Amino acid sequence: MTGTIRIFLAESLIIPTGFITAVYLARKLGPIDYGLFALASVFILWIEWLNAALFSHTTIKFVGEAKDWKPIGITVIQLHLISGIGIAILIWFLSSPLAGIFNEPSMANYLKLYAVDIPIFSLARANCNILIGTGRFKERARITVGRRIARLLFIIMFVEMGLSVNGAIIAIIGASVVELAISRLYISLPLFCRSSFAIQKLLGFATPLFLSGLCLNIIRLDLFALKVLGGTAALVGFYGAARNLSIPLYLFSGSLAQPLLSTLSSLISNGDDRKAKDIATTSMRSIVWIMPLIAMCVGASRELILLIFGERYLPASTTFSFLIIAALGLITINICKAILTALGKPGWTFILTGPMVPVALIGHLILIPSLGGVGAAMVTAIVMCLGALISLYTVFRIWNVFPPYKTIIRGAICTIIAFAIAAIWQTGGFMLILKLVIVVFIILMIFYLLGEFTKNEIHMIRSILHRKTVSNTPKGTTYEN
């Protein structure tokens, strides 16, 4: 729980820093240069994700299980270095043809410069995955904070020096260097020495996990599907606004899945299946705990869109409602993927997610021409929720782990109440924030009064708060445990 919160808060820095960066670059570069920068960034980030995702979950599982994780770590960072350099060279030579595909010849030089970031980013991610595998979540969060802050500061510094788009790209490379430098302080493994761990073992386990992650990310290309199938610029703008508003839940999904995978892998490898099942069950209960928050946001969707984006974006409220439901489905799928991976069944992750891609494609072809952005969001929500239900059933059949029925009933009660209050109680402006805080408090009180939280969980929360209190007291003050 603590690791999830730390990583989530660190990742959430992308919201304020990303917003400031986007506004600054949009104003400083102008529409044309900012568009080229955004296009190059999206393409390179996609490539970097593909490279980093190939071994991420596999690294966390193998490191979490190992008594001596260093041979695995050496193999992992060498694979990341080799693949990163290879992809960077490929992008360098293909920069001109790629720029031609985008019909932007000036992009070639930007792609060549951006390619430098790929091996640096890849090495840093390898170190971060090793940290999560060893259970060092605090250090992983610090690295993310360092990257987010460095990226913002470097972009402002280099662009103000008059380097324009090249300056923004150099800034991102600089942020990756900072991330790599901090991660090397925690994981100082040699890059060029022979490892006793077989590469084939990593590749065999990583392939289905990579394909599973690829399928989920293809499904999330619903924005591109909307544009390809005739969506206007305005519809794409509404959809993009709604999608950005659901980002915190997507961040939480990754922040929860990785610590869960690390913890379960370690417990299962040590033969402590009972505790592993307890933690897996609690993680599934957290899905039910999130349901009332989703219902609250759906009930207040128009008010949220109006407060954040303004009246012009009100048509995005329905789209946002479906996308935030889709985010809940993705959280569920990622939790189930972490459990299946920890159990040593990576093939099941691809079996579950693979069929989702053609179903989403068919759904988009049918609904987008008639319903536009709402149709695209509806398809994404339906596919993610179906995948979530099938994933929950699969984990239950394999490991007999499922959210307790009493938790589901309590969650359903809270969900109905949260939606009703949020939908009936109409407010605007910053009063909306007060309304949401009150609804969250009501949800927590209902869960508490219905006996959802165990004594151990209440004690754990109090212990966390107690530790924070102790950390803020003067040195020399002592407390009994």
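On the basis of being in contact with a Cys (Cβ under 9 Å, 6 or more places away or on another chain) and either outside any helix (DSSP H, G or I) or surrounded by fewer than 21 Cβ atoms within 10 Å (Cβ to Cβ) (or both), does T427 make the cut? For T427, the condition - in contact with a Cys (Cβ under 9 Å, 6 or more places away or on another chain) and either outside any helix (DSSP H, G or I) or surrounded by fewer than 21 Cβ atoms within 10 Å (Cβ to Cβ) (or both) - is not met. Annotation note: Cβ proximity below 6 Å between a residue of the range 43-65 that is in the same structural domain as L94 (by TED's automatic domain parsing) and within 16 Å of I91 (Cβ to Cβ) and a residue that is basic (K, R) and assigned to a helix (DSSP H, G or I) (sequence gap 6+ or interchain) occurs for A52/R125. None of A150, A126 is touching a Phe, Trp or Tyr at 6+ places or on another chain (Cβ under 9 Å) and outside the structural domain of L267 (by TED's automatic domain parsing) except A126. The residues listed here are G230, G213; of these, the one that is of a type in the set (G, A, S) and either in the same structural domain as K275 (by TED's automatic domain parsing) or in contact with an Asp or Glu (Cβ under 8 Å, 6 or more places away or on another chain) (or both) is G230. Restricting the first member to the range 216-233 and to residues that are touching a residue at least 24 places away in the same chain (Cβ under 8 Å), and the second to residues that are basic (K, R), the beta-carbon pairs closer than 7 Å and six or more apart or on different chains are L223/R243. Residue count for the range 356-395 satisfying the condition of being of a type outside the set (F, W, Y) and within 30 Å of G133 (Cβ to Cβ): 11. Need the failing condition index for M161 against (1) in the same structural domain as I130 (by TED's automatic domain parsing); (2) under 26 Å from L9 (Cα atoms); (3) part of a helix (DSSP H, G or I), just the number. Unmet condition: (2). Counting only residues that are hydrophobic (A, V, I, L, M, F, W, C), modelled with pLDDT of 85 or more and surrounded by 14 or more Cβ atoms within 10 Å (Cβ to Cβ), the range 182-224 holds 13 of them. Taking I290 as the residue in question, decide whether it is surrounded by fewer than 23 Cβ atoms within 10 Å (Cβ to Cβ) and either touching a residue at least 40 places away in the same chain (Cβ under 8 Å) or not assigned by TED's automatic domain parsing to the domain that holds V63 (or both). Here the answer is yes, as I290 does meet what is asked.
Go through the residues of the range 310-332 one by one and say whether even a single one is closer than 21 Å to T207 by Cα and in the same structural domain as L434 (by TED's automatic domain parsing).
Yes, some residue in the range 310-332 is closer than 21 Å to T207 by Cα and in the same structural domain as L434 (by TED's automatic domain parsing).
The values are calculated or read from the model by the stated rules, or taken from the named source; none is laboratory data. What you are looking at is a predicted structure, and each value in this text was computed from that prediction instead of being measured. Cβ sites come from the backbone with ideal geometry, for glycine too, and all protein chains shown count toward neighbours.
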